[in-house]
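Just so it is clear, none of the values below were taken in a lab; they were calculated from the coordinates. Predicted model only: the values in this text are computed from it and were never measured. Here the Cβ is made from the backbone with ideal geometry for all residues, glycine too, and neighbour counts use every protein chain on show.
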Amino acid sequence: ERVLHQLLDHHSAHVLLRSRYGDAQAWRSRLPAAKASRIHIPEKVYDCRELLTTADLVVGAGGTMTREAATLGIPAITAFPGTLGAVDKFLVESGRLQVLETIDDLQTLQIQKRSQGLRPAPGPHLFDEIFENITTLYRRR
């Protein structure tokens with residue numbers, strides 16, 4: 001929740017908020033109206049490709065969406081509180097994933113709007129593209 005506040009304080013962010021535990025509405029209700037108006041809580045389930053291809057940044061505390069974004073070259077930050085797994089460590093080492101260890105780290109993280117040219121095109125071959133990106137990164141080790 002503190003990450004959400006910090007992003008809304010320091011960036012002109014619009015946030016699509018999905019919470020695994022269904023508390024997104026409660027989070028938004030605790031914010032001042034100016035910030036709450038920039039939080040969008042989808043009422044339907046979206047295809048992951050739709051979300052990722054339009055995102056400037058993915059912040060997650062889990063793993064799947066964050067890893068997929070990082071693999072596709074979409075700026076990604078993990079706020080996972082535990083020990084990072086091998087895939088996350090690899091993505092950090094390759095510069096594709098940033099780690100948020102404390103709330104103060106938000107001040108030093110590189111967060112910026114992506115240019116249109118960086119958006120991957122969704123399509124039937126997206127899985128192949130993700131797989132190819134992973135194997136290319138692995139070969140560079």
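Using 0.36 nm times the number of residues separating T53 and L16, minus their current alpha carbon distance, what extension gain do you get? So the extension gain works out to 12.0 nm.
Between amide H atoms placed 1.01 Å from N, distances below 5 Å from I39 occur with V15, all of them 5 or more places distant or on a separate chain. Tell me, what is the FRET efficiency for R38 and S94 to the nearest 0.05, using R0 = 35 angstrom and their Cβ-Cβ distance as r? Once rounded, the FRET efficiency stands at 0.65. The packing ranking of peptides 36-49, 60-73, highest mean first, is 60-73, 36-49, where packing means the average number of other beta carbon atoms within 10 angstrom of each residue.
A P(r) calculated from all alpha carbon pairs of the stretch 35-115, with 5 Å bins opening at zero, reads 3, 14, 24, 24, 20, 10, 4, 0 percent. For the chain, the alpha carbon convex hull comes to 122 Å³ per residue, rounded to a whole number.
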